[in-house]
Amino acid sequence: MSDFDRCDCTVIHEDVVNVIREKLPAEEDLLDLADLFKVFGDSTRIRIIGALLHGELCVCDIAALLDMTKSAISHQLRVLRQAKLVKHRRDGKVVFYSLDDDHVGSIFRQGLEHVQEG
């Protein structure tokens, strides 16, 4: 560990630390946020979200688009549904998937913009 990474004091700006402590989200909310980002941590799920940005698709369409099995896509869609990132609607025997709300697209686009900056 370099000297740059080490701090020998307890607190320098206690007043600032106390103000920030009051502004931090609740621990439970932070844990939920960490779980959300874990869902985004899978490249297949990211590819599905990217595809659904352009409109609703059925499992068959997503499988063809991503060159994967319907079973693999269904599994990932289940994870995305449980995380409330995608929703579905049934039309006869066909189930169509779309992004749950505008926030999902915003998270995706902002993340993509961030990685493309660098």
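Within the stretch 1-26, take every residue that is outside any helix (DSSP H, G or I) and of a type in the set (Val, Ile, Thr) and give me the one that is modelled with the lowest pLDDT. The qualifying residue modelled with the lowest pLDDT is Val11. With respect to the conditions (1) touching a residue at least 24 places away in the same chain (Cβ under 8 Å); (2) in contact with a helix residue (DSSP H, G or I) (Cβ under 6 Å, 6 or more places away or on another chain); (3) not acidic (Asp, Glu), Ala63 lacks only one, and its number is (1).
Among the residues that make up the stretch 83-102, is at least one of them assigned to a helix (DSSP H, G or I), basic (Lys, Arg), surrounded by 13 or more Cβ atoms within 10 Å (Cβ to Cβ) and free of Cβ contacts under 8 Å to residues at least 24 places away in the same chain? Show your work before the answer.
Of the stretch 83-102, the ones assigned to a helix (DSSP H, G or I) are 102.
Right, trim to basic (Lys, Arg) and you get none.
No; the residues of the stretch 83-102 include none that is assigned to a helix (DSSP H, G or I), basic (Lys, Arg), surrounded by 13 or more Cβ atoms within 10 Å (Cβ to Cβ) and free of Cβ contacts under 8 Å to residues at least 24 places away in the same chain.
Output yes when any residue across the stretch 18-34 is within 19 Å of the chain's Cα centre (by Cα) and surrounded by 16 or more Cβ atoms within 10 Å (Cβ to Cβ), and no when none is. It would help to see each step written out before you state the result.
Taking the stretch 18-34 first, the residues within 19 Å of the chain's Cα centre (by Cα) are 25, 27-34.
From the residues that got through so far, the ones that are surrounded by 16 or more Cβ atoms within 10 Å (Cβ to Cβ) too are none.
Checked against the condition, which is being within 19 Å of the chain's Cα centre (by Cα) and surrounded by 16 or more Cβ atoms within 10 Å (Cβ to Cβ), the stretch 18-34 yields no hits at all.
So is Gly118 touching a residue at least 24 places away in the same chain (Cβ under 8 Å) and small (Gly, Ala, Ser) or not? In short, no.
In the set His75, His54, which member is over 12 Å from the mean Cα position of the chain (by Cα), free of Cβ contacts under 8 Å to residues at least 12 places away in the same chain and in a loop (DSSP other than H, G, I, E, B)? Before the answer, list the steps.
Working: His75 fails: in a loop (DSSP other than H, G, I, E, B).
Going through His75, His54 in turn, just one is over 12 Å from the mean Cα position of the chain (by Cα), free of Cβ contacts under 8 Å to residues at least 12 places away in the same chain and in a loop (DSSP other than H, G, I, E, B): His54.
Does Leu66 satisfy the condition of being more than 12 Å from the chain's Cα centre (by Cα) and closer than 12 Å to Thr44 by Cβ? Can you show your working first?
Working: more than 12 Å from the chain's Cα centre (by Cα): yes; closer than 12 Å to Thr44 by Cβ: yes.
Considered against the rule, which asks whether it is more than 12 Å from the chain's Cα centre (by Cα) and closer than 12 Å to Thr44 by Cβ, Leu66 comes out as yes.
Of everything listed in (1) among the β-branched types (Val, Ile, Thr); (2) in contact (Cβ under 8 Å) with a residue 60 or more places away in the chain; (3) farther than 26 Å from Leu112 by Cα, the single unmet condition for Ile46 is (3).
The values are calculated or read from the model by the stated rules, or taken from the named source; none is laboratory data. Everything numeric in this text was worked out from a predicted model, so none of it was measured. Cβ atoms come from the backbone with ideal geometry, glycine included; neighbour counts cover every protein chain shown.
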